[in-house]
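Reviewing the structure listed below.
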Amino acid sequence: MTVDRREFLRRGAIGFLGLALTRCGYHEVQPLVAGITLPFLTPVGDYYVKHGAEGSIGGWRMPDLRPEGWSLTVDGLVAREVTLTYADLEALPTVEIVKTMQCVVDSNSAQGLVGTARWRGVPISQVLALAGIDRARARRLHLFGADGFTNNLPLTRIYDLDPSEGVVEPLVVTHMNGAPLTREHGAPVRLIVHDGFGFSAVKWLTRITAVADERPFGTYQDAGFTDEHRSPVFSRITAPTDNLTVPAGRVEITGFAASGVEGIEAVEVSIDDGPWLPAALADRAAVLARHPELASTLQFSERDRFVWPFRAVWALWTFAWDASPGRHRVRVRAIDRTGTTQPDRDLEISDGVNAIASIRVEVKS
Amino acid sequence: MNRATCRSRTPVLRPRPWAPGVAGLCLAILGAVSSARAQAWTQAPGHVYVKLAYGAATAGEQYGFDGRAKLYADDVYAPAFYDRSVYLYAEAGLLPALSASVSLPYKRVIVRDSAFRYAAGALGDLELGLRQSLVPLGFVPASGALAVNLKASLPTGYVRNTVPAPGAGQVDLTGSLDYGQGFGGWGYGQVGLGYRVRTPWYGLSTAVPCQPGQDRGCTADERPDHGDEVVARAELGVRPWGPVLLQGMGSAVMSVAAPTVGFAVGQTTPTHQRYVKAGAGVLVEPVAHLGLSAQVQVTPWGRNTVKSVDFFFGLSTDFDLGGEP
C-alpha cells in the first residue's frame with residue numbers, strides 16, 4: 001500500500017494541529033449523595049481515620065496494643081522518670097469532654113475529615129505531676145506515638161489556661177463515645193487536645209518528654225505544617241452538595257461551623273454574592289434531647305463555665321433559601337466570639353486556615 | 001502487496017510497534033511515560049505505521065508507599081479509578097537506521113470517593129521519539145536488533161491542577177537501549193532498559209491558579225518534584241498461525257528515590273512510584289496492512305501506585321509513502 005508523501009504530510013499536519021488546538025478538555029464534579037446528614041455526635045464507625053505517620057514513615061504499621069501491654073513513660077526535664085501502666089492510668093480521676101476534631105489539611109481538599117465525639121481521659125497535668133515537671137526549665141512536651149508519629153505541646157497550653165475561656169486542658173484519653181478506644185483511633189491511649197487539630201491528638205501514646213527546646217517539633221511540622229495547634233474558625237456546607245440540581249422553592253441549606261479559639265458567634269450565608277444573611281444555629285436543649293449521653297460531658301454539665309455554642313465543638317446550622325430557577329453560588333462563613341471570620345482566599349494547604357466555603361447549585365423549575 | 005509478499009520481504013518475524021499507551025494506560029496517568037513496545041526495530045525509510053488504540057484501566061485498590069494494597073478511596077468498596085483514553089500513534093522510517101514517532105492521547109480520567117465523582121478529560125502528553133538502530137555498527141547477531149530510543153513527553157494539553165489531573169504536567173525525557181531477537185518465522189523476544197528524567201519544566205502545561213471556594217481540591221498551582229525513574233521492559237511474541245501473534249509482556253518502573261508519601265483520590269500523580277506490570281495479548285492481521293489487537297495487563301506489585309487491571313484494543317495499519325521526499 002502506497003500513500004502520496006506530500007498528501008500524507010499535509011493531512012497529518014492538519015489533523016494534528018486540529019487536535020492540539022481543540023484542547024477539548026473538561027472537568028466535572030458530581031455529587032453521589034444529595035447531602036450529608038450530620039448527627040451532632042459522630043458514631044465511632046463513621047468517625048474519620050487518618051494516620052499522620054502513614055504517609056511519611058517508611059514501613060509504617062498500625063500499632064496493635066493491648067491495655068495490659070501498654071505503658072507510658074514521662075521523662076526529660078522531670079524530677080523523676082515514671083512509667084505508667086494502663087492500671088495506673090485508670091486509677092487517676094477522669095473527665096469527659098465533647099470535641100470536634102478536624103484534620104489540619106485544608107478541608108476544601110479533604111472533605112469529610114471532621115467529626116465530633118465524647119472523649120474521656122485523665123487531664124494531662126495529673127500524669128505530669130507524677131513525674132514532677134521542671135516548670136522552671138521545661139517549655140514543651142515532645143509526644144511520641146508507638147507508630148513513630150511525633151508532636152509537641154507547649155506547657156502554656158496546660159498550665160496557663162484561663163478556666164473562664166471555655167477550654168479544657170489536654171486529656172490522656174482511653175474512651176471514645178463511652179467505649180474503649182478502637183485500634184484505628186489509637187487504642188489503648190491517645191492524647192486529645194481540646195482546641196487542637198487532629199494531628200495534635202497523638203495516637204498510641206507511649207512517651208512524653210519534657211524539653212526546654214521551644215522550636216517546632218513533630219512529624220507534621222517536619223512536613224511543613226503549622227505548629228499552631230489551635231484550629232481557627234471554619235465552616236462547611238453539608239447539604240446540598242456541590243453541583244447538585246434541586247427543585248425551585250424552599251431549599252434547606254445545612255452545615256456546621258467550629259473554632260478552636262472561641263465558640264461560634266454567628267454563621268452567615270450569601271447567595272450569588274448578595275448580602276450575608278444569618279443562619280440558624282442548633283439549639284443546646286435540642287442537641288441534648290437528641291443525645292442525652294452528652295449530659296455527662298464537662299461542657300454540658302458545667303453550664304456557667306461553658307457558653308453555647310461551645311469552643312472547639314461544631315455548631316450545626318440551617319438556612320432556609322427560597323431558590324429560584326438558574327445556577328447559583330452559595331457561600332457560607334462563620335464568625336467566632338473573638339470576631340474572627342474566614343478569609344476570602346487561602347491558597348496555603350498546610351496552615352489549617354479554611355477560606356469561605358462555596359458551592360454551586362442548579363435550581364430547576 | 002499481499003501478505004505472502006509482505007512476509008517474503010521480512011523473513012524474520014518483526015513485532016509491530018504498539019502505541020505507547022498500550023503498554024500502560026494508567027501509568028501514563030500517573031505521570032509515567034508509557035513504555036512503547038518493539039523498540040529495538042526501526043522502520044524502513046518511507047514506511048509508516050499508524051495505530052489507534054483504546055485503553056480501559058480500572059482499579060478499586062492502590063498500593064501504598066510501603067507496598068500494602070488498600071482501598072483506592074476510603075470507604076469505597078468498589079472500583080474508584082477509571083481511565084478511558086484513546087491514543088493516536090504514528091511511526092515512520094526517516095533513514096535506513098532512523099525512525100521517528102509521535103503519539104497524542106486523549107485522556108479521560110474518573111475517580112470517586114464516598115461522596116463525589118470527579119471526571120476530567122484533556123489531551124495528554126504529546127510524545128515525540130527518535131529511534132536509532134545500532135545494527136549498522138556490526139556487532140549485533142543475525143536476526144537481532146539493537147536500538148537507542150530517545151523520547152520527549154510534552155504536557156501540551158494538561159490542566160494539571162484539576163481533580164483528577166490527567167497527567168503530571170511537566171516534561172519527561174527518556175533514553176533507553178532495546179535489544180530484540182527474531183526466532184526465525186515463529187517468534188521474537190525483546191528486552192529494554194532505560195532512564196527517565198522527570199524535569200522541573202512545567203512551561204507547556206496549562207496549569208492555572210485555583211479559584212478558592214470554587215475549584216474543589218484545587219488549592220494552588222502546585223509544581224511537585226517528580227523523581228527520576230528507571231524503566232525496564234521485556235516482551236515475547238509467538239506466531240502459532242499466520243495471521244495470529246500471541247504476546248506476553250512485562251514492564252517495570254522504579255523511581256530512583258523510594259516512595260515515601262502516599263497519594264489520595266485527588267492526587268493521582270504521585271511524585272515517586274514503583275510498579276511491575278505483566279500481561280498478555282493477541283494481534284490478528286486478517287488482511288494485509290490491518291492489525292487488530294487486544295491486551296490485558298495486571299499490576300502484581302507496586303509502591304505508591306494504582307493497582308489496576310488494564311485492557312487495550314487497537315486498530316493499526318501501515319503503508320509506504322510515495323512521491324518526492
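For this structure, a couple of remarks:
- Residues (more than 20 Å from the chain's Cα centre (by Cα), more than 9 Å from chain A (Cβ to nearest Cβ) and not β-branched (Val, Ile, Thr)) located in the range B:77-127: B:Tyr77, B:Ala78, B:Pro79, B:Ala80, B:Gly93, B:Leu94, B:Leu95, B:Pro96, B:Ala97, B:Leu98
- Any chance A:Thr254 is polar (S, T, N, Q) and in contact with a Pro (Cβ under 6 Å, 6 or more places away or on another chain): no
- Of all residues in the range A:162-186 being more than 19 Å from the chain's Cα centre (by Cα) and part of a loop (DSSP other than H, G, I, E, B), the one that is surrounded by the fewest Cβ atoms within 10 Å (Cβ to Cβ): A:Asp162
- For the range B:46-76, the candidate set comprises residues that are of a type in the set (A, V, I, L, M, F, W, C), under 26 Å from B:Asp113 (Cβ atoms) and under 22 Å from the mean Cα position of the chain (by Cα); within that set, the residue that is surrounded by the fewest Cβ atoms within 10 Å (Cβ to Cβ) is B:Ala56.
- Restricting the range A:321-361 to residues that are small (Gly, Ala, Ser) and more than 10 Å from chain B (Cβ to nearest Cβ), the residue that is farthest from A:Arg250 (Cα to Cα): A:Gly352
One line per residue, one yes/no per condition, for (1) within 7 Å of chain B (Cβ to nearest Cβ); (2) modelled with pLDDT of 85 or more; (3) touching a Pro at 6+ places or on another chain (Cβ under 7 Å):
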site: A:Leu21; (1), (2), (3): no, no, no
site: A:His27; (1), (2), (3): yes, no, no
site: A:Thr37; (1), (2), (3): no, no, no
site: A:Asp88; (1), (2), (3): no, yes, no
site: A:Glu96; (1), (2), (3): no, yes, no
site: A:Met101; (1), (2), (3): no, yes, no
site: A:Gln111; (1), (2), (3): yes, no, no
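- Set A:Leu130, A:Leu141: member being part of a helix (DSSP H, G or I), over 28 Å from A:Pro309 (Cβ atoms) and touching a strand residue (DSSP E or B) at 6+ places or on another chain (Cβ under 6 Å): A:Leu130
- Search result, residues across the range B:244-264 that are at pLDDT 90 or above and surrounded by 15 or more Cβ atoms within 10 Å (Cβ to Cβ): B:Leu245, B:Leu246, B:Gln247, B:Met249, B:Gly250, B:Ser251, B:Ala252, B:Val253, B:Met254, B:Ser255
- Qualifying residue in the range A:211-225 (condition: assigned to a strand (DSSP E or B), modelled with pLDDT of 95 or more and out of contact with any Leu (no Cβ under 7 Å at 6 or more places or on another chain)): no
- Members of the range B:49-67 that are modelled with pLDDT of 90 or more and in a loop (DSSP other than H, G, I, E, B): none
- Verdict on A:Arg135 being away from chain B (no Cβ under 14 Å), in a strand (DSSP E or B), basic (Lys, Arg) and more than 16 Å from A:Arg230 (Cβ to Cβ): no
- A:Ser56, sole failed condition from (1) at pLDDT below 85; (2) over 17 Å from A:Gly255 (Cα atoms); (3) of a type in the set (S, T, N, Q); (4) surrounded by fewer than 18 Cβ atoms within 10 Å (Cβ to Cβ): (4)
- Test for B:Val140: is it in a strand (DSSP E or B) and either within 19 Å of B:Leu321 (Cβ to Cβ) or out of contact with any Gly (no Cβ under 7 Å at 6 or more places or on another chain) (or both): no
- Neighbours by Cβ (under 6 Å, 6+ apart or cross-chain): first from the range B:174-199, at pLDDT below 95; second among the charged types (D, E, K, R) and surrounded by fewer than 18 Cβ atoms within 10 Å (Cβ to Cβ): B:Arg198/B:Asp228
- B:Leu154 being under 21 Å from the mean Cα position of the chain (by Cα), more than 10 Å from chain A (Cβ to nearest Cβ) and in contact (Cβ under 8 Å) with a residue 12 or more places away in the chain: yes
- Hits in the range A:128-139 (condition: at negative phi and surrounded by fewer than 22 Cβ atoms within 10 Å (Cβ to Cβ)): A:Ala129, A:Leu130, A:Ala131, A:Asp134, A:Arg135, A:Ala136, A:Arg137, A:Ala138, A:Arg139
- Conditions (1) closer than 26 Å to B:Trp201 by Cβ; (2) of a type outside the set (Lys, Arg); (3) assigned to a strand (DSSP E or B): number failed by B:Thr156: (3)
- Test: residue in the range A:317-334 that is at negative phi and in contact with a Leu (Cβ under 8 Å, 6 or more places away or on another chain): yes
- When residues of the range A:228-257 are limited to those that are buried (at least 19 other Cβ atoms within 10 Å of the Cβ) and assigned to a loop (DSSP other than H, G, I, E, B), the one farthest from the other protein chains (Cβ to nearest Cβ): A:His229
- Within the range B:68-86, the set of residues being of a type in the set (Phe, Trp, Tyr) and assigned to a strand (DSSP E or B) comprises B:Phe81, B:Tyr82.
- Screening B:Val102 on (1) assigned to a strand (DSSP E or B); (2) β-branched (Val, Ile, Thr); (3) over 18 Å from B:Leu88 (Cβ atoms) shows it passes everything except condition (3).
The values are calculated or read from the model by the stated rules, or taken from the named source; none is laboratory data. As the structure is a prediction and not an experimental result, all values here were calculated from the model. Cβ coordinates were reconstructed from backbone atoms using ideal geometry, including for glycine residues, and neighbour counts include every protein chain displayed.
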